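J.: There's a structure below that I have some questions on.
The values are calculated or read from the model by the stated rules, or taken from the named source; none is laboratory data. Keep in mind that this is a model prediction, so the values were computed, not measured. Virtual Cβ from ideal backbone geometry, glycine too; neighbours counted across all protein chains shown. The area values use the complete protein model at the heavy-atom level, side chains included, leaving out ligands, DNA and RNA. Shrake-Rupley method; radii C 1.70, N 1.55, O 1.52, S 1.80 Å.
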Amino acid sequence: MERVSHFINGFMIDASERVADIFNPSTGAVTRHVGLASQDTVKLAIDAASAAFPAWRNTPPAKRAQVMFRFKGLLEANEERIAQLISEEHGKTLEDAAGELKRGIENVEYACSAPEILKGEYNRNVGPNIDAWSDFQPIGVVAGITPFNFPAMVPLWMFPLAIVCGNTFILKPSERDPSSTTLIAKLLHEAGLPKGVLNVVHGDKQAVDALIDAPEVRALSFVGSTPIAEYIYTEGTKRGKRVQALGGAKNHAVIMPDADLDNAANALMGAAYGSCGERCMAISVAVCVGDQVADALITKLRPLIDTLKVGPGTQNGLDMGPLVTKAHLNKVVGYIEQGVAAGAELVVDGRGIEIPGHPNGFFVGACLFDHVKVEHSIYTDEIFGPVLCVVRVSDLSEAMKLINDHEYGNGTCIFTRDGESARRFCDEIEVGMVGVNVPLPVPVAYHSFGGWKRSLFGDLHAYGPDGVRFYTKRKAITQRWPKAKVQEVSQFAFPSN
Ligand code: NAD
């Protein structure tokens with residue numbers, strides 16, 4: 001059976017070590033194996049990245065950017081191949097896979113502006129004959145650990161920017177769908193990246209712990225679930241590393257009485273059920289202001305759910321594929337059972353959906369719950385499946401309190417035609433990314449992405465301007481050139497202007 005290998009120092013490496021199964025979620029069959037890196041394999045990657053750092057650090061940013069230009073072209077030329085691999089291993093539809101790649105490519109485009117984004121800050125004559133500037137210097141070897149749900153986009157949030165900033169990088173993608181990520185890394189080398197600047201090690205906790213423990217790894221970017229994000233942040237910072245760790249989510253959409261309900265219902269369909277709900281920005285709670293809004297919304301959603309096209313992601317023209325693994329399917333179904341047992345009303349039940357010719361696929365259809373209460377586990381927990389919960393409130397203040405009290409604060413949105421409500425929502429909501437009539441407010445590459453509360457551990461968000469700050473160290477330089485042969489006196493008072 002085909003094995004997905006590590007990519008270290010420009011070569012595919014198969015070490016003799018443990019392997020994990022990779023499934024095709026639409027059929028339930030094991031299609032490939034992936035090596036799970038031992039400490040020794042991770043060490044090979046760290047050594048390669050450490051050896052490549054001095055030369056790469058001194059490569060002019062414009063030259064680094066030229067590699068990214070060529071990389072962007074190769075990604076576009078290979079879009080179909082990459083989308084196919086994503087869909088085969090993740091289960092999402094081909095269109096959705098192509099969409100995530102396009103959003104990833106935006107980050108490569110941003111990285112192409114390396115000479116501009118790395119410009120320092122300069123002041124002439126901060127004192128007599130004294131000039132001062134800030135330089136943004138690379139950190140060294142950086143590692144990125146990424147989740148299964150965006151095997152192309154999330155790695156592309158990280159390594160293009162880290163690399164154009166002059167760092168070398170070790171990527172540990174999700175072991176559940178590693179093939180597209182490995183192909184993308186190979187394309188960057190085809191684009192002319194020197195060996196060792198980007199390395200990919202596959203693996204599980206053992207590989208991640210080896211990266212956390214290695215003193216050569218100076219910074220960690222993590223995206224995944226909250227318990228692991230917290231673990232990586234705690235262990236990484238304890239060892240003196242710079243860490244940004246993005247975690248899980250429970251994203252609420254507020255539907256105001258003045259909202260255009262048809263548009264809101266259509267937007268919610270994509271935001272709740274796209275990618276089978278396996279998105280950290282998926283809307284999983286619809287907070288309806290007033291019973292009338294809730295009743296009307298549910299009346300609009302039911303027929304839309306009935307017409308959802310569910311099937312194997314690799315088939316064209318579908319809305320929703322399967323979940324990623326059998327274990328995840330069981331977890332999602334477990335939550336639906338808990339919701340029913342707790343007394344929420346299951347308006348649409350997607351359990352037991354049958355996809356012709358795919359009896360063993362990890363499918364669950366769209367589910368819709370009404371009368372969900374804040375104490376229900378379907379409300380408190382991130383389900384990461386196609387389950388939309390309707391919560392009824394009486395006004396905007398109650399809706400906002402609900403959101404602000406939730407442990408997660410990744411994304412949220414409001415559907416309204418009232419500027420005053422929208423403005424208040426944007427100002428006071430305790431969430432990192434906010435949409436106004438935009439259900440998935442994923443910031444474009446030249447802004448930055450990150451949640452609040454337990455959706456992000458660390459200070460800087462991912463990619464964009466925050467990404468540049470994360471992947472560089474500021475050095476402030478103050479320089480003075482005294483006049484030659486002029487005798488100067490000691491000065492004991494603290495220097496000031
Ligand atoms: P996960 O936390 O299980 O895995 C993420 C990464 O951590 C993988 O590379 C995995 O191999 C590694 N890992 C898993 N267990 C580990 C352990 N015990 N010790 C060290 N490393 C470990 O997440 P997932 O299931 O792959 O992805 C889904 C989660 O990611 C959801 O919670 C989702 O909300 C979150 N996510 C968040 C964002 C964001 O930007 N906030 C984006 C995408 C996904």
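J.: So who's got an amide H within less than 5 Å of the one on PHE169, skipping anything under 5 residues away but keeping other chains? H placed 1.01 Å off N, in plane.
T.: VAL142, LEU198, ASN199
J.: Place +1 on the Cβ of every Lys and Arg and -1 on the Cβ of every Asp and Glu in the chain, take the dipole about the Cα centre, and give the residue among ALA152, ILE255, ALA327 whose Cα lies farthest towards its positive end.
T.: The Cα lying farthest towards the positive end belongs to ALA152.
J.: State whether the stretch 287-343 is rounded, prolate or oblate according to the following rule on the C-alpha gyration tensor (a ≥ b ≥ c being the square roots of its eigenvalues): a/c under 1.5 gives rounded; otherwise a/b larger than b/c gives prolate, and the remaining case gives oblate.
T.: Values: a/c = 3.44, a/b = 1.29, b/c = 2.67.
In terms of gyration-tensor shape, oblate.
J.: Leaving out ligands and nucleic acids, note down the accessible area per residue over the stretch 212-273 with a 1.4 angstrom probe, in whole Å².
T.: Numbers: 2140 Å² over 62 residues.
Roughly 35 Å² per residue, with all protein chains present.
J.: While we're looking at this one, here's another question. Could you tell me whether the stretch 1-111 comes out rounded, prolate or oblate from its Cα gyration tensor? Rule is a ≥ b ≥ c as square roots of the eigenvalues, rounded for a/c under 1.5, then prolate if a/b exceeds b/c, otherwise oblate. Walk me through the numbers before you get to the answer.
T.: Details: a/c = 3.13, a/b = 1.15, b/c = 2.71.
Verdict is oblate for the stretch 1-111.
J.: Between ARG57 and ASP306, what is 0.36 nm times their sequence separation minus the Cα-Cα distance? Round to one decimal in nm.
T.: That pair, ARG57 and ASP306, stretches by 84.1 nm at full extension.
J.: Kindly sort VAL486, VAL347, VAL164 by accessible area of their heavy atoms, largest first, with the probe set to 1.4 Å. Please list the in-between numbers first.
T.: Working: VAL486 85, VAL347 25, VAL164 0 Å².
Greatest to least solvent exposure: VAL486, VAL347, VAL164.
J.: On the full set of protein chains, 1.4 Å probe, figure out the accessible area of ASP21 and give it in Å² to the nearest 10.
T.: Here the residue's solvent-accessible area equals roughly 80 Å².
J.: What are the ³J(HN,Hα) couplings of the stretch 194-210, residue after residue, when phi is run through the Karplus curve with 6.51, -1.76, 1.60 and θ = phi - 60°? Round to Hz, x for glycine and proline.
T.: Per residue, the Karplus-derived 3J(HN,Hα) values read x, 4, x, 6, 10, 10, 10, 10, 8, x, 10, 3, 4, 5, 5, 5, 5 Hz.
J.: Using the Cα centre of the chain as the reference point, and only Cβ charges (+1 on K/R, -1 on D/E), how large is the resulting charge dipole? Debye, rounded to the nearest 20. Let's see the in-between values first.
T.: Numbers: 48 positive and 57 negative charges, 471 e Å.
The calculated dipole for the chain is roughly 2260 debye.
J.: So, one more: Measure nothing fancy, just the Cα-based angle from helix 79-90's long axis to the longest principal axis of the chain, in degrees from 0 to 90, nearest 10.
T.: 60 degrees
J.: Rank ILE298, GLY357, ALA341 by how far each Cα sits towards the positive end of the charge dipole of the stretch 251-436 (+1 on Lys, Arg Cβ; -1 on Asp, Glu Cβ) and give me just the farthest.
T.: Working it through, the farthest residue towards the positive pole turns out to be GLY357.
J.: Once fully extended, how much extra length lies between VAL444 and TYR122, figured as 0.36 nm per residue of separation less the alpha-carbon to alpha-carbon distance? Before the final figure, lay out the partial values.
T.: Numbers: separation 322, 0.36 × 322 = 115.92 nm, distance 2.82 nm.
Here the answer is 113.1 nm.
J.: Sorted by accessible area with a 1.4 angstrom probe, largest first, how do TYR463, TYR233 fall?
T.: On the way: TYR463 10, TYR233 70 Å².
Descending order: TYR233, TYR463.
J.: Also, quick follow-up: With every protein chain kept in the model, how would you rank SER496, SER174 by accessible area, 1.4 Å probe, largest at the top? Mind dumping the intermediate values first?
T.: On the way: SER496 100, SER174 5 Å².
Final ranking, largest accessible area leading: SER496, SER174.
J.: Next question. Please work out the Kirkwood hydrodynamic radius for the stretch 444-496, using every pair of different C-alpha atoms, and report it in angstroms with one decimal place. Let's see the in-between values first.
T.: Values: mean 1/r = 0.0646 Å⁻¹.
Value: 15.5 Å, from the Cα pair sum.
J.: So, one more: Given a 1.4 angstrom probe, I'd like the percentage of the accessible area of the chain that is carbon and sulfur, rounded to a whole number. Please list the in-between numbers first.
T.: Details: 10670 of 20660 Å².
In the chain, the share of accessible area belonging to carbon and sulfur is 52 percent.
J.: Also, I was wondering about something else. Can you bin the stretch 251-436 into rounded, prolate or oblate? Criterion: square roots of the alpha carbon gyration tensor eigenvalues sorted a ≥ b ≥ c, rounded for a/c under 1.5, prolate for a/b above b/c, oblate for the rest. Before the final figure, lay out each step's value.
T.: Numbers: a/c = 1.82, a/b = 1.64, b/c = 1.11.
Prolate.
J.: Tell me the accessible surface of ILE353 in square angstrom (1.4 angstrom probe, heavy atoms of protein chains only), to the nearest ten.
T.: Surface open to solvent at ILE353 totals about 60 Å².
J.: Beta carbons within 10 angstrom, averaged per residue: use that to sort the peptides 411-424, 62-75, highest first.
T.: Numbers: 411-424: 20.2, 62-75: 18.2.
Highest to lowest by the protection proxy: 411-424, 62-75.
J.: Looking at ALA62, GLY35, VAL393, which one has the Cα that reaches farthest to the positive end of the dipole of the chain (charges on Cβ: Lys, Arg +1; Asp, Glu -1)?
T.: Final value for the positive-end residue is ALA62.
J.: Roughly speaking, what is the stretch gain from SER397 to GLU430, that is 0.36 nm per residue apart minus the C-alpha to C-alpha distance, in nm to one decimal? It would help to have the intermediate numbers written out before the result.
T.: Working: separation 33, 0.36 × 33 = 11.88 nm, distance 1.29 nm.
Contour length minus the Cα-Cα distance gives 10.6 nm.
J.: Suppose each label sits 7 Å from its Cα in the direction of the beta carbon; what would the PHE492-ASN330 distance come out to in nanometres?
T.: Distance between label points: 7.7 nm.
J.: Kindly express, to the nearest 10 degrees and within the range 0 to 90, the angle between helix 153-164's C-alpha long axis and the longest C-alpha principal axis of the chain.
T.: Roughly 10 degrees, rounded to the nearest 10.
J.: For SER397, what accessible area in Å² do you get when you roll a 1.4 Å probe over the heavy atoms of the protein chains, rounding to the nearest 10?
T.: 60 Å²
J.: Let me ask something additional. When the helices in the chain are scored as -39500 (n - 2.57) per DSSP H run of 4 or longer and the sum is shared across all residues, what 222 nm value do you end up with, to the nearest 500 deg cm²/dmol?
T.: On the way: 16 runs with 193 residues, N = 497.
That calculation yields -12000 deg cm²/dmol at 222 nm.
J.: Still on this structure, please answer the following. Quick one: Cα centre-to-centre distance for the stretch 164-225 and the stretch 261-324, in angstrom?
T.: The distance from the Cα centre of the stretch 164-225 to that of the stretch 261-324 comes to 34 Å.
J.: Next question, about the same structure. Across the stretch 485-495, in residue order, what do the Karplus-derived ³J(HN,Hα) couplings come to in whole Hz, using 6.51 cos²θ - 1.76 cosθ + 1.60 with θ = phi - 60° and x for Gly and Pro?
T.: 6, 9, 6, 10, 9, 5, 10, 9, 6, 4, x
J.: Could you run the Debye sum over the Cα atoms of the chain, one equal point scatterer each and no solvent, and tell me log10 of I(q)/I(0) at q = 0.07, 0.14 Å⁻¹, two decimals?
T.: For the chain at q = 0.07, 0.14 Å⁻¹, log10 I(q)/I(0) is -0.41, -1.35.
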